[in-house]
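Since the structure comes first, as structure tokens, the remarks are kept for the end.
The values are calculated or read from the model by the stated rules, or taken from the named source; none is laboratory data. Note that the structure is predicted; figures quoted are calculated from it, not measured. Glycine also receives a Cβ, built like all others from the backbone with ideal geometry; neighbour counts cover every protein chain displayed.
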């Protein structure tokens, strides 16, 4: 564990990855000059709000890792509004925060359009698959083989319903 409790003097405009995990940070501040950031890891700190991230948009941010901090359930609405402003956000991690105990956390955050991973788990978005399906012709659709990530097991009674006999035979 490091003992950094405040960030100062960060003006690295080309910095793409910032790992300040395992410190003693209580808020995120002085990041506004880091316009090229794609990944921020602030896991294992004492952060309870997005701080300066509420003041500006990180247009390139893809990964925001903030597990084991102090985000409370009351902060969910603020998080949802804020993360909708990150157009390329693909991964969020809030494990170890009280906020994930909120019943609406996963459904709320899963609706972020480009989000692929939430708390280390792939996010399945049937609406995106439907958009893709409408834009492909029948030949292209027949070439697409479903993966286990794409299967909604609440809608199928067995794997045989999902995979054709030919697909199963090819795998043997």
The listed residue being surrounded by 14 or more Cβ atoms within 10 Å (Cβ to Cβ), modelled with pLDDT of 90 or more and within 18 Å of residue 40 (Cα to Cα), out of 95, 79: 95
Which numbered condition residue 47 fails, given (1) over 15 Å from the mean Cα position of the chain (by Cα); (2) over 22 Å from residue 119 (Cβ atoms): (2)
Please state which of the following conditions residue 41 fails to meet, knowing it meets all the rest: (1) surrounded by fewer than 17 Cβ atoms within 10 Å (Cβ to Cβ); (2) modelled with pLDDT of 90 or more. (1)
Whichever residue in region 106-123 is in contact with a strand residue (DSSP E or B) (Cβ under 8 Å, 6 or more places away or on another chain) and in a loop (DSSP other than H, G, I, E, B) and, among such residues, is modelled with the lowest pLDDT: 112
Somewhere in region 67-74, is a residue crowded, with 19+ Cβ neighbours inside 10 Å and in contact with a strand residue (DSSP E or B) (Cβ under 8 Å, 6 or more places away or on another chain)? yes
